[in-house]
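Participant: To start, I am sharing the structure in question, which I have written as structure tokens.
The values are calculated or read from the model by the stated rules, or taken from the named source; none is laboratory data. Being a predicted model, the structure only gives us computed values, none of them experimental. So basically every Cβ, Gly included, is an ideal-geometry build from the backbone, and we count neighbours across all protein chains shown. These accessible areas exclude ligands, DNA and RNA; they are computed on the full protein's heavy atoms, side chains included. Shrake-Rupley method; radii C 1.70, N 1.55, O 1.52, S 1.80 Å.
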Amino acid sequence: MLSKLDSHTMIAVVDLERAKRFYEERLGLAGIEEIPGLWVFVGPRGSRFCLFVSPLAGTAKNAVMGWETSQIAEEVHQLKARGVVFEEYDFPNFKTVDSIVTSATGKSAWFKDTEGNMLGLAQWKS
């Protein structure tokens with residue numbers, strides 16, 4: 001059943017070439033395979049995600065994918081140095097400080113890709 005299978009993420013993009021440049025140049029990721037209309041990335045432990053062409057790109061109102069880190073402040077700093085722009089929030093009980101929200105479960109930060117997809121970083125409390 002599904003509980004024994006690895007999962008992968010599919011991210012819709014309008015302009016595949018523009019999105020590939022963002023993921024490779026801004027985020028430092030390397031694609032491994034291109035199929036017409038699809039670009040595949042593999043993470044360090046074999047996780048996969050794909051960019052695929054769709055007119056519905058960027059319409060999700062939630063984060064579509066995230067990465068876990070033990071050093072979120074350093075990751076945010078490095079990504080900002082590469083030109084990534086982070087979301088900033090200022091609500092009661094939900095405020096970013098240096099682009100990072102701290103909650104009972106850990107720390108999080110979010111940014112959008114060139115297609116309007118929300119992506120995130122999370123540093124979970126141990």
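Participant: For the chain, what relative contact order do you get, as a whole percent, if you take Cα pairs closer than 8 Å and at least 6 residues apart?
Facilitator: Relative contact order, the chain: 27 percent.
Participant: Estimate the FRET efficiency between residue 5 and residue 69 by the formula 1/(1 + (r/R0)^6), using the beta-carbon distance for r and 30 Å for R0, to the nearest 0.05.
Facilitator: E between residue 5 and residue 69, to the nearest 0.05, is 0.75.
Participant: Charges at C-beta only: +1 for Lys and Arg, -1 for Asp and Glu. How large is the resulting dipole of the chain about its Cα centre, in Debye rounded to 20?
Facilitator: Dipole of the chain, to the nearest 20 debye: 260 debye.
Participant: DSSP beta bridges in the chain, what fraction antiparallel, as a percent rounded to 5?
Facilitator: Within the chain, antiparallel bridges account for around 70 percent of the total.
Participant: Give the angle, between 0 and 90 degrees and rounded to the nearest 10, that separates the Cα long axis of helix 72-81 from the longest principal axis of the Cα atoms of the chain.
Facilitator: The angle comes out near 60 degrees.
Participant: Starting from the residue with the highest accessible area, list 90, 6, 113 in decreasing order, probe 1.4 Å.
Facilitator: The residues order as 6, 90, 113, largest area first.
Participant: Okay, next question. List the relative contact order of segment 18-64 as a percent without decimals, with contacts defined as Cα pairs under 8 Å and 6+ residues apart.
Facilitator: 23
Participant: Using a Gaussian network model of the chain whose springs link C-alpha atoms within less than 10 Å, name the residue from 107, 20, 61 with the highest mean-square fluctuation.
Facilitator: 61
Participant: Take each of the peptides 70-77, 9-16, 27-34, average the number of other beta-carbon atoms within 10 Å over its residues, and list them starting from the highest.
Facilitator: Highest to lowest by the protection proxy: 9-16, 70-77, 27-34.
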